Every structure is written in C-alpha cells, then in structure tokens.
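The values are calculated or read from the model by the stated rules, or taken from the named source; none is laboratory data. Treat the numbers as computed from the prediction; the structure is a model and nothing was measured. Because the Cβ atoms are built from the backbone with ideal geometry, glycine has one as well, and the counts that use them run over all protein chains shown. Remember, those area values only see protein heavy atoms, side chains included, never the ligands or the DNA or RNA. Shrake-Rupley method; radii C 1.70, N 1.55, O 1.52, S 1.80 Å.
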Amino acid sequence: MESKFKEDVARLWEAHKAHMAEQRRRYPAKRIVAAVAEAHELTVDELHSVRRPRRYCHARHHAAWELRRRRQDLGLSQIAAHLNRADHTTAHHSYTTFCAMVAQGRYAAERARVEAILAEAGHD
C-alpha cells in the first residue's frame, strides 16, 4: 500500500513539474507584463514607473494578478521584481486589491484583452 502511495506521489510530482515548465514556456513574465500594459494602453516603462496615477496603479495591480495566476512558480518577491517594485508586500497588496476588483466585476474588458494578446502571442 505504501509503495503505491509513493508511486502516486512521484507521478503527481512529475506532472506538476511538467505543468510548471509549460507555464514558464507559454507565459514568460515579460510577455504577461507587456500584455497587461497594452491592454491598459500603457507602455511597459509606464507600468514600471514610480508614477501613481490611478490608471497606472490599477494596471500594476492587474499585472501582479496575471503573474500570480499564470505563473504559479513565481513568488511574490519575484513578481514585485518583474514590476520594478521593492518587495513582496507591494505585490501582495496589488494582487489582493485586484482580486477585490475582479470580485466586483471590474476590468473584465482588460482581462479579456490580456487573454487575447497572450493567445495571439502563443501562435507565433
């Protein structure tokens, strides 16, 4: 019985590693950030900037949400680094803030646009 369990765990672990590798290949972090910037009609430099107009902040929140959702191998510190932010707390705040916006039904068009952009890029 224990041997069967170990085999199942090993099989599941290999499947998980393959899934994470596919996520890294299919959704490079830079591509996700660029897609979010495009969906919000910003440049990547504007998304990375320290400026705080609402549209920039919401786009950064969206980028953190997309990175966390599509790249589960990235930790919050890595997500913050991809957004030119100081530490994991900023990425966590962005992610939770955008989760609340999604729950309210906001930014559906931008989320759909990111999906379309990433789907187009996947056909290169």
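Determine the pairs where a residue that is aromatic (Phe, Trp, Tyr), located within segment 26-54, has a partner that is part of a helix (DSSP H, G or I) and surrounded by 14 or more Cβ atoms within 10 Å (Cβ to Cβ) with Cβ atoms under 7 Å apart, the partner being 6 or more residues away or on another chain.
Tyr27/Arg70; Tyr27/Leu118
Within segment 59-67, identify whether any single residue is surrounded by fewer than 19 Cβ atoms within 10 Å (Cβ to Cβ) and either part of a helix (DSSP H, G or I) or among the β-branched types (Val, Ile, Thr) (or both), and answer yes or no. Spell out how you get there, then give the answer.
Of segment 59-67, the ones surrounded by fewer than 19 Cβ atoms within 10 Å (Cβ to Cβ) are none.
Checked segment 59-67: no residue is surrounded by fewer than 19 Cβ atoms within 10 Å (Cβ to Cβ) and either part of a helix (DSSP H, G or I) or among the β-branched types (Val, Ile, Thr) (or both).
Is it fair to say Arg85 is farther than 18 Å from Ala119 by Cβ, among the charged types (D, E, K, R) and surrounded by 15 or more Cβ atoms within 10 Å (Cβ to Cβ)? I'd like the intermediate steps shown before the answer.
On the way: farther than 18 Å from Ala119 by Cβ: yes; among the charged types (D, E, K, R): yes; surrounded by 15 or more Cβ atoms within 10 Å (Cβ to Cβ): yes.
Criteria met by Arg85.
Could you please give the count of residues in segment 94-118 that are over 17 Å from Ala35 (Cα atoms), without any contact (Cβ under 8 Å) to a residue 12 or more places away in the chain and part of a helix (DSSP H, G or I)?
Count: 3.
Among the residues of segment 1-49, write down those that are open to solvent by 100 Å² or more (accessible area, probe 1.4 Å), under 20 Å from Arg70 (Cα atoms) and of a type in the set (Lys, Arg).
Arg24, Arg25, Arg26, Lys30
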